[in-house]
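See structure below.
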Amino acid sequence: MRIVIDRPRCEGHGLCEEIAPDLMHLDDEGELIVDVEELPEGSPELADAGAAVRVCPVAALRLA
């Protein structure tokens, strides 16, 4: 699975970062940086990635 950002939609709220700090973070300008883009099926981080996708208030993240 891959974490995909819709950059024009992302408003930098940071809720995803709170849910999955090992996978993503906001830089100094408030831009989301995905630190781990590829997640193998069955990896424990996949649950965190899914939660980050669900918590995004502007639906700027998805798993593909």
Pro44, sole failed condition from (1) under 17 Å from Val4 (Cβ atoms); (2) modelled with pLDDT under 95: (1)
statement: Matching residues in region 18-35 (out of contact with any Asp or Glu (no Cβ under 9 Å at 6 or more places or on another chain) and either in contact (Cβ under 8 Å) with a residue 40 or more places away in the chain or under 11 Å from Leu61 (Cβ atoms) (or both)) number 1
field: Residues (more than 19 Å from Ala64 (Cα to Cα) and of a type outside the set (A, V, I, L, M)) located in region 23-53
entry: His25, Asp27, Asp28, Glu29, Gly30, Glu31
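The values are calculated or read from the model by the stated rules, or taken from the named source; none is laboratory data. Every value quoted in this text rests on a predicted model; they were computed, and no experiment measured them. Quick reminder, even Gly has a Cβ in these numbers, built from the backbone with ideal geometry, and neighbours come from all protein chains shown.
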